[in-house]
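The values are calculated or read from the model by the stated rules, or taken from the named source; none is laboratory data. Note that this is a predicted model, so its numbers are computed, not measured. Using ideal geometry, Cβ is built from the backbone for each residue, glycine included, and neighbour counts are taken over all protein chains shown. When the accessible area is computed, the model is the full protein with side chains, heavy atoms only, and any ligands, DNA or RNA have been set aside. Shrake-Rupley method; radii C 1.70, N 1.55, O 1.52, S 1.80 Å.
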Amino acid sequence: MLYELIKKLDNKMHFSTVSAHCDIPCKIYDPITAQIATLTMIRMVDLLVELQNKAKLTTEEQAQFTRLVAQKEHHGIKVKEEITVIWGDFIKEPQLIKFPELHSLVHSIMLEASKAKQHINKEIALSLLSKVNRFAEIFWHCKDIETYSAQCPYPPEQSLIYPFLNQ
Amino acid sequence: MFPRIPQYSYVLAIHWFRYRKIKPKHTILIDHPKHGLLIKTVAFVDKNSLVWCKGENPSSIRVEELGPVNSKQIIGQVIKIFKKH
């Protein structure tokens, strides 16, 4: 009620506007960063499994193992960060009405990304990709942009949701 | 994750902050030469009385990118936030 009262005052007095959250705001949002970070996690799992299958690791391989784990961790955090920024900044009431699954989908991405960080498990990483792809699909539909699914032309050669931009 | 101050919020700021000491965690309005009118949280005040601010969100401009602001650039101190919901 107090908010509405201030809003009425604002309509008459035109209060100054300040940037609070995103600072600019730049309005540049694209789920592709989260999708590529998820692909990186899958790729890291593939490479880690290759090492896992060896009976003994050389010092070089041990160093490589550490680097792969570190990158998987790093990209897991990136997935979470990229998704939460779009969710917190771009997604608003109209999108939530159109796609009521958004809150639970984002929450499940957070959980699955944590799981993918905790384990060297391709199934979990693929499950994360499917959720992030669904988020990307919703994001583009919110902008009235059609999407299509295609296999990425590089390892780990998984299906990604891309926006169909030549409309 | 939602920002602490959601979009379309109103804030009540006081201009007489100069009589009060700006401290870390205070929310202030600043007129930044590059980024315009911003609302920021005070990270720390250095020995030259310059105020270093941080954003309201991890994706905000980092404290080192924003640089320090002096008292003339500080428009006011936020004392109340009115959120939309």
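Here are a few things to note about the model shown:
- Condition met for A:Glu101 (open to solvent by 50 Å² or more (accessible area, probe 1.4 Å), in contact with a strand residue (DSSP E or B) (Cβ under 9 Å, 6 or more places away or on another chain) and on the phi < 0 side of the Ramachandran plot): no
- Of the residues making up region B:57-74, those that are exposed (fewer than 13 other Cβ atoms within 10 Å of the Cβ), modelled with pLDDT of 75 or more and not basic (Lys, Arg) are B:Asn70, B:Ser71.
- Any hit, region A:36-43, residues being outside any loop (DSSP other than H, G, I, E, B), within 14 Å of chain B (Cβ to nearest Cβ) and open to solvent by 50 Å² or more (accessible area, probe 1.4 Å): no
- Residues located in region A:107-129, provided they are crowded, with 20+ Cβ neighbours inside 10 Å and within 14 Å of chain B (Cβ to nearest Cβ): A:Ile109, A:Ala113
- Residue within region A:79-87 that is polar (S, T, N, Q) and open to solvent by 40 Å² or more (accessible area, probe 1.4 Å) present: no
- In region B:8-48, the residues that are closer than 18 Å to B:Lys80 by Cβ, in contact with a strand residue (DSSP E or B) (Cβ under 9 Å, 6 or more places away or on another chain) and part of a loop (DSSP other than H, G, I, E, B): B:Ser9, B:His15, B:Arg20, B:Ile22, B:Lys23, B:Lys25, B:His26
- All told, A:Leu57 falls short of being within 22 Å of B:Ile39 (Cα to Cα) and open to solvent by 40 Å² or more (accessible area, probe 1.4 Å).
- Failed item, numbered, when A:Phe15 is tested on (1) under 30 Å from A:Asp144 (Cα atoms); (2) among the aromatic types (Phe, Trp, Tyr); (3) without any contact (Cβ under 8 Å) to a residue 40 or more places away in the chain: (1)
- Test: residue in region A:53-73 that is in a helix (DSSP H, G or I) and in contact with a Pro (Cβ under 7 Å, 6 or more places away or on another chain): no
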